[in-house]
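Visitor: Here it is, the structure in full.
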Amino acid sequence: MGSGSRSGRGYEFGRTYVVRPKGKHQATIVWLHGLGDNGSSSSQLLESLPLSNIKWICPTAPSRPVSLLGGFPCTAWFDVGEISEDLHDDIEGLDASAAHIANLLSTEPTDVKVGIGGFSMGAAIALYSTTCYALGRYGSGHPYTINLRATVGLSGWLPGWRSLRSKIESSNEATRRAASIPVILAHGTSDDVVPYRFGEKSAQSLAMAGFRHVVFKPYEGLGHYTVPKEMNEVVQWLASRLGLEGWP
């Protein structure tokens with residue numbers, strides 16, 4: 001566990017929880033909680049998964065006023081208003097959280113594959129970080145230097161989806177990176193917090209922007225939460241994509 005660091009606006013990130021690999025350390029994944037949650041609950045969920053070769057890093061978002069909640073402060077990776085088609089992206093907040101996550105991954109051994117996953121708002125920042133990886137830069141234009149190898153997004157959405165395709169297509173290097181990274185998205189059809197269509201639209205937007213290895217899994221009747229079947233599919237996907245030992 002580590003103490004927090006400050007974001008661009010002076011919000012302090014909370015405590016980071018780490019789940020150590022029980023076997024050989026082959027991969028490290030930063031897992032990001034949803035709005036109002038914390039890294040501790042993420043670590044408890046991940047500790048129960050049968051992935052002995054993965055180290056999980058579970059940071060806690062800063063506590064900040066959230067427009068969606070009428071300015072009430074709670075843990076949030078960035079500010080978000082009404083979740084709608086006209087959602088305004090808080091680029092400064094997104095960049096600050098993406099940089100915090102990149103910093104957590106920057107000290108991992110070079111032979112360890114690194115990835116990002118998350119739930120709800122955590123999935124949104126995981127997907128935003130993935131677009132930063134593909135573009136080679138944050139929204140601010142500063143270079144993004146982490147070599148991501150896998151992304152998991154559960155019950156979330158893709159910030160900046162409208163302009164993503166044109167940005168990726170303007171650079172051969174971005175096109176190459178987008179085509180290389182595997183992404184799995186899962187979403188419940190009965191999600192009343194982040195509507196199902198946002199998950200579907202995110203997967204379509206990534207595919208149209210040139211992300212060739214996007215898997216989208218709909219879960220019939222599932223609300224805004226995870227279920228064992230969904231986590232089992234994530235486990236199988238990660239083991240396969242990251243080439244973990246002991247898996248077919």
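The values are calculated or read from the model by the stated rules, or taken from the named source; none is laboratory data. Because the structure is a prediction, the values reported are computed rather than measured. Neighbour counts are summed over all protein chains in view; Cβ atoms, including those assigned to glycine, are modelled from backbone coordinates with ideal geometry. For accessibility, only protein heavy atoms count, side chains too; no ligands or nucleic acids. Shrake-Rupley method; radii C 1.70, N 1.55, O 1.52, S 1.80 Å.
Visitor: Quick one: in the range 22-43, of everything that is farther than 12 Å from MET121 by Cα and small (Gly, Ala, Ser), which residue is surrounded by the fewest Cβ atoms within 10 Å (Cβ to Cβ)?
Guide: Of everything passing the filter in the range 22-43, GLY23 is surrounded by the fewest Cβ atoms within 10 Å (Cβ to Cβ).
Visitor: Out of SER202, SER170, I need the residue that is closer than 28 Å to SER43 by Cβ and not acidic (Asp, Glu). Which one?
Guide: Numbers: SER170 fails: closer than 28 Å to SER43 by Cβ.
That would be SER202, the only listed residue that is closer than 28 Å to SER43 by Cβ and not acidic (Asp, Glu).
For every residue, the table says whether it meets (1) crowded, with 20+ Cβ neighbours inside 10 Å; (2) farther than 14 Å from SER202 by Cα; (3) of a type in the set (Lys, Arg); (4) at pLDDT 95 or above.
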site	(1), (2), (3), (4)
ILE57	yes, yes, no, yes
THR60	yes, yes, no, yes
VAL66	yes, yes, no, no
GLY93	yes, yes, no, no
VAL114	yes, yes, no, yes
ALA123	yes, no, no, yes
GLY141	no, yes, no, no
TRP157	yes, no, no, no
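Visitor: Report, by residue number, each residue of the range 143-155 that is aliphatic (A, V, I, L, M) and open to solvent by 10 Å² or more (accessible area, probe 1.4 Å).
Guide: Pass one, the range 143-155, residues aliphatic (A, V, I, L, M): 146, 148, 150, 152, 154.
Passing the criteria: only ILE146.
Visitor: For the range 57-66, check the following and say yes or no: at least one residue is of a type outside the set (A, V, I, L, M, F, W, C), in contact with a helix residue (DSSP H, G or I) (Cβ under 7 Å, 6 or more places away or on another chain) and under 22 Å from ARG20 (Cβ atoms).
Guide: From the range 57-66, those of a type outside the set (A, V, I, L, M, F, W, C) are 59-60, 62-65; that's our starting set.
Among the residues that remain, those that are also in contact with a helix residue (DSSP H, G or I) (Cβ under 7 Å, 6 or more places away or on another chain) are: 59-60.
So of that shortlist, the ones also under 22 Å from ARG20 (Cβ atoms) come out as 59-60.
Yes, the conditions are met somewhere in the range 57-66.
Visitor: Now a separate question. Out of all the residues in the range 199-218, is one or more within 20 Å of VAL80 (Cβ to Cβ), acidic (Asp, Glu) and out of contact with any Cys (no Cβ under 9 Å at 6 or more places or on another chain)?
Guide: For the range 199-218, residues within 20 Å of VAL80 (Cβ to Cβ), acidic (Asp, Glu) and out of contact with any Cys (no Cβ under 9 Å at 6 or more places or on another chain): present.
Visitor: So, one more: For residues in the range 143-154 being polar (S, T, N, Q) and closer than 21 Å to VAL215 by Cβ, which is modelled with the lowest pLDDT? Before you say what the answer is, go through the steps one by one.
Guide: Kept after step one, since they are polar (S, T, N, Q), are these residues of the range 143-154: 145, 147, 151.
Still in the list and also closer than 21 Å to VAL215 by Cβ: 147, 151.
Details: ASN147: 94, THR151: 97.
Per the criteria, the residue is ASN147.
Visitor: Additional query: Just give me the residues in the range 158-198 being in contact with a Gly (Cβ under 7 Å, 6 or more places away or on another chain) and closer than 23 Å to GLU92 by Cα, in sequence order.
Guide: Answer for the range 158-198, where residues must be in contact with a Gly (Cβ under 7 Å, 6 or more places away or on another chain) and closer than 23 Å to GLU92 by Cα: ILE168, ALA174, ALA178, VAL194.
Visitor: Anything in the range 227-248 that is open to solvent by 50 Å² or more (accessible area, probe 1.4 Å) and either in a loop (DSSP other than H, G, I, E, B) or not charged (D, E, K, R) (or both)? List them, or say none.
Guide: PRO228, ASN232, GLN236, SER240, GLU245, GLY246, TRP247, PRO248
Visitor: Being over 18 Å from THR131 (Cβ atoms) and surrounded by fewer than 17 Cβ atoms within 10 Å (Cβ to Cβ) is the filter here, so list the residues in the range 163-199 that pass it.
Guide: The answer is THR189, SER190, ASP192, VAL193, ARG197.
Visitor: Now for a separate question. Kindly establish whether LEU154 is within 11 Å of the chain's Cα centre (by Cα), hydrophobic (A, V, I, L, M, F, W, C) and at negative phi. Write out each step before concluding.
Guide: On the way: within 11 Å of the chain's Cα centre (by Cα): yes; hydrophobic (A, V, I, L, M, F, W, C): yes; at negative phi: yes.
Judged against the criteria, LEU154 is a match.
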